[in-house]
């Protein structure tokens with residue numbers, strides 16, 4: 001599960017929430033009065049600060065895009081085709 005701890009005045013929370021919704025990963029957003037910089041925890045991975053959180057979310061978005069781009073139904077097997085017989089449909 002992805003957890004973001006953030007100071008209450010962080011203006012990026014709605015944006016991050018929308019991005020996490022699109023990713024369809026389980027997440028939690030926790031406001032904390034004691035933190036000055038937002039912090040993301042994703043399993044054993046940690047990201048602290050806005051640039052690090054943005055980079056982590058971008059990598060998750062790329063992972064999801066690559067996952068769907070690698071679907072088996074996008075390829076057709078032709079043993080005579082170059083490149084191990086697989087062609088993109």
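If residue 9 passes every condition in (1) within 13 Å of the chain's Cα centre (by Cα); (2) loosely packed, with under 13 Cβ neighbours inside 10 Å but one, which one does it miss?
(1)
Could you list, ordered by first residue, the pairs with Cβ atoms under 6 Å in which the first is in the range 26-42 and in contact (Cβ under 8 Å) with a residue 40 or more places away in the chain and at positive phi and the second is buried (at least 16 other Cβ atoms within 10 Å of the Cβ) and in a loop (DSSP other than H, G, I, E, B), at least 6 apart or interchain?
Close Cβ pairs (under 6 Å, with a partner that is buried (at least 16 other Cβ atoms within 10 Å of the Cβ) and in a loop (DSSP other than H, G, I, E, B)) do not exist here.
None of the figures in this text is laboratory data; all of them are computed from the coordinates on show. Here the structure is a predicted model, which means the values were calculated and not measured. Glycine gets a Cβ as well: all are built from the backbone with ideal geometry, and neighbour counts include every protein chain shown.
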